[in-house]
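The values are calculated or read from the model by the stated rules, or taken from the named source; none is laboratory data. These numbers come from a predicted model, not from an experiment. Positions of Cβ are generated from backbone atoms using ideal geometry, with glycine treated the same way; all protein chains shown enter the neighbour counts.
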Amino acid sequence: MSDGLAGAGSRPMMTRDAAITRLTAVGAPYELVEVDVGGRPCRWFAGAPDTLRDLYAEASSSAEFFVYDDERITYEQAWSRAGAIAGLLIGGYGVAPGDRVAISMRNYPEWALSFMAITSIGAVAVALNAHWQPDEMLYGLEDSGAKVLFADRERIDLLARCDHLPAGMGVLAVRADELPVACARHLDEALIGQAGQTGRARDMPEVPIGPDDLATILYTSGSTGHPKGAASTHRNVLAAIMSWEFDAAVGRLALGIGPAEPSPQPSALLGVPLFHATGSHAVFLQAFREQRRLVSMFRWDVAVAAELIERERIDRFVAPAAMSGDLVEYARGSDRDLSSLAAIGGGGAPRAPEQVRNIDDELGDAAPITGWGMTETNAIGTGIAGPAYVERPESSGRASILLDLRVVDDAGNEQPTGERGELLVRGTSVIAGYWNRPDANADTFVDGWLRTGDVAFLDDEGFLFIVDRIKDLVIRGGENIGCGAVEAALLEHPAVVEASVYGVPDQRLGEEVGATVFARGHVDADDLRAFLADRLARFEVPRFITIETDPLPRTASGKILKRSLREAAVDRQE
């Protein structure tokens, strides 16, 4: 996803290719070199930080870093507090390089601080979906083998509902009064105790880390079964951070725009969850090299967002189409001053072309921006912004400089320009693999290429267009929902004999979850939703449920005719 481009009226001063050549030349700020990544040669920026720890340390300054309600933390303070947490993890819990430490909470400052601490001492930060139900949360903890969990009050309460907890796991509670879990300690109290023992709890411990050591595990929903843990190295994650920075530099150079003024400090609104790569990478981690102030929200509320944009002079907002669409609609009827916005980024789901034009029309100089990426690519992939995006609102842009794209047919043959096929991607930001899932690795990686499950084509200028999905997924407001997992939950109901789950188009969220079930006995849609409430995250529970009293239609080979059921459901909503 590109950033930093001016609005649709700007005219290029040089071509994009010329700007790329100048910026990547030997001795240039983004000089490209070849490095070995997982046994394959990949492109890399010679001047990039080696590790996330280096990213944080180099950013330490008196500039504001994180704002939440009336709390304000500078970059120096964040580095110091992260050092205290790191000392606690090592001294109080014996966390060593390679150990997994999980985070499950809202976008509190402690999310960012604990992530910094974990990845600065060679441990692996496991970002758990804060919307998960107890059994999903327990699965993530057990699958990752987390040694410690950082959790807020709501997640502590969920943890207390689990029938058991992983043996030996420590829990550090954030912003929680009661601790219904025996192994939990208040983080603040634990830090005080650790400081009393060491006297130097705020110094970041010195732990050797390499660029190709694992840094993160982010869980992503597949088409069937449990979510898969996408494991990334420091270099994988930094590839995304540096690629966005590079794209912004290319855009500025092409338009003849000089370096940003040192004041006022750039700022971003953090309205998307940090457990998603969009929030953790495109907003949180990208802030460090830019010295960007992050203004975090408790939950998404467009009126609060507009108030924060006006008060904090926010210039950047990255969010799924549903949220940016909310802001466009709010701007039409509000007298809030949103003129500070320079860029409205997208992620997680495509925008409708009309929304792209509305951003350009309704939000003044704010350039609409989007891109295609996956958890498996650390959210980077392609990017498009400003005039190019307004002209091609259905495109996801051109490939990152560190990635290669190809489109293949069912036999794996590369498709010519304009022809549809499955999109494959390879390069420096692609994950090291799925945690504990050799079967998924075998299915997903082919000769170094990652199979995305997206049907796409490339035009003659290299712009990517996503047109369909191969995988059985619903993408609701940027959340990937595996249809198979929802079907399995429905089939646990004693009255449900067959179930088919699919996506129903929705103007705001992109898709809503729909389901058609064959049931025996008396059961209605509300009964099924109540039944699913303890089995699925709230966003996974179908909004549209059709109950049939006859078996669902099937093909000659016995497969349920999901496409026809989906079409019938769409017709009922029109």
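This table checks each residue for (1) under 21 Å from THR51 (Cα atoms); (2) surrounded by fewer than 21 Cβ atoms within 10 Å (Cβ to Cβ); (3) without any contact (Cβ under 8 Å) to a residue 60 or more places away in the chain.
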site: VAL67; (1), (2), (3): no, yes, no
site: ILE73; (1), (2), (3): no, yes, yes
site: GLN77; (1), (2), (3): yes, yes, yes
site: ALA82; (1), (2), (3): yes, no, no
site: ALA86; (1), (2), (3): yes, no, no
site: ALA96; (1), (2), (3): yes, yes, yes
site: ARG100; (1), (2), (3): yes, no, no
site: ILE103; (1), (2), (3): yes, no, no
site: ALA112; (1), (2), (3): yes, no, no
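Residue check: is ARG351 charged (D, E, K, R), within 25 Å of HIS276 (Cα to Cα), crowded, with 17+ Cβ neighbours inside 10 Å and modelled with pLDDT of 90 or more? Taking the combined requirement at face value, the residue does not satisfy it.
Among the conditions (1) under 30 Å from GLU548 (Cβ atoms); (2) under 22 Å from the mean Cα position of the chain (by Cα); (3) modelled with pLDDT of 90 or more, the only one that GLY433 does not satisfy is (1).
Mind listing whichever residues of segment 409-431 are crowded, with 16+ Cβ neighbours inside 10 Å, within 28 Å of PRO227 (Cα to Cα) and of a type outside the set (Lys, Arg)?
Correct list: GLY421, GLU422, LEU423, LEU424, VAL425, GLY427, THR428, SER429, VAL430, ILE431.
The single residue among TYR93, TYR68, TYR75 that is in contact with a Lys or Arg (Cβ under 7 Å, 6 or more places away or on another chain) and not assigned by TED's automatic domain parsing to the domain that holds PHE288 turns out to be TYR93.
Taking TYR434 as the residue in question, decide whether it is touching a residue at least 60 places away in the same chain (Cβ under 8 Å), farther than 21 Å from LEU218 by Cβ and surrounded by 15 or more Cβ atoms within 10 Å (Cβ to Cβ). So TYR434 fails the test.
Report, by residue number, each residue of segment 479-492 that is closer than 18 Å to LEU218 by Cβ and either outside the structural domain of PHE539 (by TED's automatic domain parsing) or β-branched (Val, Ile, Thr) (or both). Explain how you work it out, then say what you get.
Filtering segment 479-492 for residues closer than 18 Å to LEU218 by Cβ gives 479-482, 485.
Scanning segment 479-492 gives a single hit, ILE481.
The set of residues from segment 505-518 being in a strand (DSSP E or B) and within 22 Å of ALA319 (Cβ to Cβ) comprises PRO505, ASP506, GLY510, GLU511, GLU512, VAL513. Among the numbered conditions (1) of a type in the set (Lys, Arg); (2) under 25 Å from the mean Cα position of the chain (by Cα); (3) outside any loop (DSSP other than H, G, I, E, B), the only one that ARG22 does not meet is (2). From the list GLU479, GLU461, GLU498, the lone residue that is in contact (Cβ under 8 Å) with a residue 60 or more places away in the chain, on the phi < 0 side of the Ramachandran plot, acidic (Asp, Glu) and surrounded by 19 or more Cβ atoms within 10 Å (Cβ to Cβ) is GLU479.
Filtered by the rule that a residue be of a type outside the set (S, T, N, Q) and at pLDDT 70 or above, segment 338-348 gives LEU338, LEU341, ALA342, ALA343, ILE344, GLY345, GLY346. Just a yes or no: is a residue in segment 444-465 assigned by TED's automatic domain parsing to the domain that holds PHE284, among the aliphatic types (A, V, I, L, M) and in a loop (DSSP other than H, G, I, E, B)? No: segment 444-465 contains no residue that is assigned by TED's automatic domain parsing to the domain that holds PHE284, among the aliphatic types (A, V, I, L, M) and in a loop (DSSP other than H, G, I, E, B). Taking the condition buried (at least 20 other Cβ atoms within 10 Å of the Cβ) and either aromatic (Phe, Trp, Tyr) or touching a strand residue (DSSP E or B) at 6+ places or on another chain (Cβ under 9 Å) (or both), does LEU187 pass? Yes: the conditions hold for LEU187. Suppose we filter segment 137-165 for residues that are crowded, with 18+ Cβ neighbours inside 10 Å, charged (D, E, K, R) and touching a helix residue (DSSP H, G or I) at 6+ places or on another chain (Cβ under 9 Å); how many remain? Looking only at that region, the number is 3. When GLN133 is tested against (1) of a type outside the set (Phe, Trp, Tyr); (2) over 18 Å from MET169 (Cβ atoms); (3) at pLDDT 95 or above, only condition (3) is not met. Total residues in segment 305-331 satisfying the condition of being closer than 15 Å to ASN107 by Cα and either part of a helix (DSSP H, G or I) or of a type in the set (Lys, Arg) (or both): the figure is 1. For segment 380-391, the criterion of being in a loop (DSSP other than H, G, I, E, B), in contact (Cβ under 8 Å) with a residue 60 or more places away in the chain, in the same structural domain as LEU327 (by TED's automatic domain parsing) and among the hydroxyl-bearing types (Ser, Thr, Tyr) is met by no residue.
The residues of segment 533-560 that are loosely packed, with under 15 Cβ neighbours inside 10 Å, in a loop (DSSP other than H, G, I, E, B) and at pLDDT 90 or above amount to a single one, ALA533.
The residues of segment 18-46 that are closer than 16 Å to PHE246 by Cβ, surrounded by 14 or more Cβ atoms within 10 Å (Cβ to Cβ) and not aliphatic (A, V, I, L, M), listed by number, are ARG22, THR24, PRO29, TYR30, GLU31, CYS42, ARG43, TRP44, PHE45.
Of the listed requirements (1) in a loop (DSSP other than H, G, I, E, B); (2) free of Cβ contacts under 8 Å to residues at least 12 places away in the same chain; (3) closer than 24 Å to THR220 by Cβ, ALA411 misses just one: (3).
Exactly one residue among LEU552, LEU536 is closer than 30 Å to VAL272 by Cα and not assigned by TED's automatic domain parsing to the domain that holds SER324, and that residue is LEU536.
Looking at ALA84, ALA78, can you tell me which residue is outside any strand (DSSP E or B) and over 23 Å from the mean Cα position of the chain (by Cα)?
Values: ALA78 fails: over 23 Å from the mean Cα position of the chain (by Cα).
Answer to the check: ALA84.
Within segment 519-532, is there a residue that is assigned to a strand (DSSP E or B) and either under 20 Å from the mean Cα position of the chain (by Cα) or among the small types (Gly, Ala, Ser) (or both)?
Taking segment 519-532 first, the residues assigned to a strand (DSSP E or B) are 519.
From what is left, the residues that are either under 20 Å from the mean Cα position of the chain (by Cα) or among the small types (Gly, Ala, Ser) (or both) are 519.
Yes: segment 519-532 contains one or more residues that are assigned to a strand (DSSP E or B) and either under 20 Å from the mean Cα position of the chain (by Cα) or among the small types (Gly, Ala, Ser) (or both).
Out of PRO97, PRO109, one residue alone is touching a strand residue (DSSP E or B) at 6+ places or on another chain (Cβ under 8 Å) and more than 30 Å from LEU532 (Cβ to Cβ). It is PRO109. Could we say that ALA130 is buried (at least 20 other Cβ atoms within 10 Å of the Cβ) and in contact with a helix residue (DSSP H, G or I) (Cβ under 6 Å, 6 or more places away or on another chain) here? The answer is no for ALA130.
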